[in-house]
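For reference, the structure is listed below as structure tokens.
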């Protein structure tokens, strides 16, 4: 299994090749190809006209594709994604990768700090089902088994035990990296988290 950062780089490389292979539409009003639509993840192209996006595509570099892929996965930039996925302890914003479209269907318990979430997780460990301490941007939340499975994880993966069911301050950073890689593999390229 490749590292999560390497996975992002591969996805950006594929997007870059797709964009380089695009031919302008033969007819006015033809739908924009999916790789071109993905460029709208870039702030400067979010509200650009279709013609402006086509024009920008001709000058797209790999760094732009890295930014697109990172933003699609809930990170502010590729550098932000790299810091989070590599486990930089100074990074406190985990992006939105751990909260999928179906997340609202579950009753998760939200906390402003890791300490509050961890205390609740420890307190509830003896009385209820396993809780997974996850992160969304700068907040923490406790989720149930169904939620992590909806994200594409195996809730019984041994790497959960290795990280102590604590995504924010894992006991084993490499185990969290493997879980990140599995999360990325559960998402098709170009899919928002």
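A few points about this structure:
- Scoring residue 102 on the criteria (1) surrounded by fewer than 13 Cβ atoms within 10 Å (Cβ to Cβ); (2) at pLDDT below 95; (3) out of contact with any helix residue (DSSP H, G or I) (no Cβ under 6 Å at 6 or more places or on another chain) leaves a single failure, condition (3).
- Residues of the range 160-174 satisfying the condition of being part of a helix (DSSP H, G or I) and surrounded by fewer than 18 Cβ atoms within 10 Å (Cβ to Cβ): 161, 162, 173, 174
- Residue match in the range 123-130 (condition: under 20 Å from residue 11 (Cβ atoms) and out of contact with any helix residue (DSSP H, G or I) (no Cβ under 6 Å at 6 or more places or on another chain)): no
- Among the criteria (1) in a helix (DSSP H, G or I); (2) more than 27 Å from residue 40 (Cβ to Cβ), the one residue 183 does not fulfil is (2).
- For the range 1-34, a tally of residues being surrounded by 13 or more Cβ atoms within 10 Å (Cβ to Cβ), touching a residue at least 60 places away in the same chain (Cβ under 8 Å) and farther than 13 Å from residue 67 by Cα returns 4.
- Summed over the range 35-60, the residues that are in contact (Cβ under 8 Å) with a residue 24 or more places away in the chain and more than 20 Å from the chain's Cα centre (by Cα) give a count of 3.
- Against the numbered list (1) free of Cβ contacts under 8 Å to residues at least 60 places away in the same chain; (2) closer than 19 Å to residue 176 by Cα; (3) under 16 Å from the mean Cα position of the chain (by Cα), residue 76 comes up short only at (2).
- For residue 113: the one exception among (1) over 19 Å from residue 179 (Cα atoms); (2) within 19 Å of the chain's Cα centre (by Cα): (2)
- Residue check, residue 41 surrounded by 12 or more Cβ atoms within 10 Å (Cβ to Cβ), within 18 Å of residue 137 (Cβ to Cβ) and not assigned by TED's automatic domain parsing to the domain that holds residue 143: yes
The values are calculated or read from the model by the stated rules, or taken from the named source; none is laboratory data. Fair warning: this is a prediction, and the values are worked out from it, not measured in the lab. For neighbour counting, all protein chains shown are included, and Cβ atoms are generated from backbone atoms with ideal geometry for every residue, glycine included.
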